[in-house]
1. Within the range 111-128, can one find any residue that is within 14 Å of the ligand (Cβ to nearest atom) and in contact (Cβ under 8 Å) with a residue 40 or more places away in the chain?
2. Which members of the range 241-269 meet the condition of being in contact with a helix residue (DSSP H, G or I) (Cβ under 7 Å, 6 or more places away or on another chain) and either loosely packed, with under 15 Cβ neighbours inside 10 Å or modelled with pLDDT of 95 or more (or both)?
3. Could you identify the single residue in LEU162, LEU138, LEU87 that is touching a residue at least 24 places away in the same chain (Cβ under 8 Å), under 25 Å from ALA254 (Cβ atoms) and within 16 Å of the ligand (Cβ to nearest atom)?
4. Please verify whether the range 136-145 includes one or more residues that are of a type in the set (Asp, Glu) and surrounded by fewer than 18 Cβ atoms within 10 Å (Cβ to Cβ).
5. Looking at LEU44, LEU64, LEU71, LEU60, can you tell me which residue is more than 16 Å from the ligand (Cβ to nearest atom) and under 14 Å from ASP17 (Cα atoms)?
6. Where in the range 270-321 are the strands (runs of 3 or more DSSP E), entirely inside, with at least 1 residues that are surrounded by fewer than 21 Cβ atoms within 10 Å (Cβ to Cβ), among the aromatic types (Phe, Trp, Tyr) and at pLDDT 95 or above?
7. Every residue in the range 101-110 that is away from the ligand (no atom under 14 Å from the Cβ) and polar (S, T, N, Q), please.
8. Identify, by number, the condition in (1) assigned to a loop (DSSP other than H, G, I, E, B); (2) in contact with a His (Cβ under 8 Å, 6 or more places away or on another chain) that LEU87 doesn't meet.
Amino acid sequence: MNSEALPSFAVDLAPPDLTPWRVGNCGVPGFTSFDSDLPGPHVLLLCLIHGNEFAGAVVLDQLLRARFRPLRGRVTFGFANLAAFDLFDPKNPTASRYVELDLNRVWSPSALNSHDRSLELERAREIRPIIESADILLDLHSMLWDSDPLILCGPTPSGLALGAALGTPNLVVADHGHQNGSRLIDHLAFTGQSNGRTAILVEGGPHWAASTVECLRQAVAAALRLTGLAADNDPRLPPAITSVPPRLAQVTKAITATSQEFRFMKPFRGGNIIPYRDTLIARDGKREIRTDYDNCLLVMPNAHPARGHLAVRMAKFQDRK
Ligand SMILES: [Zn+2]
């Protein structure tokens with residue numbers, strides 16, 4: 001990211017005190033697991049894959065402090081990149097996304113099994129056994145640029161089904177990963193052949209907003225109810241909201257900035273729908289970026305993409321079958 005071009009971002013959320021959860025109880029620092037000793041899925045609630053996105057950590061910290069225990073199956077609360085989280089500085093809040101390497105780009109077998117060393121790769125290898133034991137993984141994130149909340153369900157039908165069943169946030173976007181490296185939801189444990197394991201990523205809203213905590217809390221509650229780990233009326237969870245049925249969209253194109261002069265024609269936000277095809281939405285140096293179809297959904301436009309970075313994804317709404 002071209003940090004010199006970034007505006008300042010409001011930080012309206014205090015980082016939670018995660019001291020009680022740092023040791024963990026299952027052999028992996030930062031991971032706390034509770035087994036009901038009854039049959040049921042292993043649900044992994046994960047936050048801090050990006051160190052400065054701590055809205056999800058606020059939600060998990062509160063559930064842990066409320067002593068949530070599963071009715072069936074197993075639940076694990078995971079704080080992924082505590083080393084980056086510990087570097088958070090509200091005066092420079094974008095700097096602590098990771099220490100050495102983006103922990104959400106290292107989940108290919110070639111990276112995990114390589115001899116490369118970095119703080120994040122070693123952390124990925126450390127938490128990998130728990131990741132690979134999850135039947136359902138909710139990866140809690142937030143966004144730098146203004147956008148409606150959404151679920152990224154990756155490339156699999158099971159991810160799409162889980163995102164749709166969760167129902168909150170009520171926009172589910174399917175895509176085929178990231179060209180700069182594999183995200184956690186793209187890990188073969190979830191995208192390989194018929195293993196039944198499913199991972200989705202929830203983008204709850206702006207990084208440091210109270211509304212993002214509420215959005216992620218609703219998504220976590222929905223997942224715990226949906227999987228039967230929590231009763232519908234569990235007092236430690238917020239009441240279910242009745243929301244409109246989720247819309248589903250498929251990313252058709254990811255636009256990477258190929259120049260340092262990538263400019264949107266106006267300040268779009270994530271969730272904007274461009275009504276007509278062939279609308280000019282951005283210029284990338286001399287290249288024109290136009291929509292390919294009517295009602296084109298803009299997914300997480302990055303107002304200041306550096307060359308080689310993702311600027312926006314275009315997605316097409318899908319009719320539910
Ligand atoms: Zn993130």
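1. no
2. ILE241, LEU248
3. Testing whether each residue is touching a residue at least 24 places away in the same chain (Cβ under 8 Å), under 25 Å from ALA254 (Cβ atoms) and within 16 Å of the ligand (Cβ to nearest atom) leaves just LEU138.
4. No, the range 136-145 contains no residue that is of a type in the set (Asp, Glu) and surrounded by fewer than 18 Cβ atoms within 10 Å (Cβ to Cβ).
5. Result of the check over LEU44, LEU64, LEU71, LEU60: LEU64.
6. 310-318
7. Those that are away from the ligand (no atom under 14 Å from the Cβ) and polar (S, T, N, Q): SER108, SER110.
8. Of the numbered conditions (1) assigned to a loop (DSSP other than H, G, I, E, B); (2) in contact with a His (Cβ under 8 Å, 6 or more places away or on another chain), the odd one out for LEU87 is (2).
The values are calculated or read from the model by the stated rules, or taken from the named source; none is laboratory data. All of these numbers come straight from a predicted model, not from anything done at the bench. Note: ideal-geometry Cβ built from the backbone for every residue, glycine included; neighbour counts use all protein chains shown.
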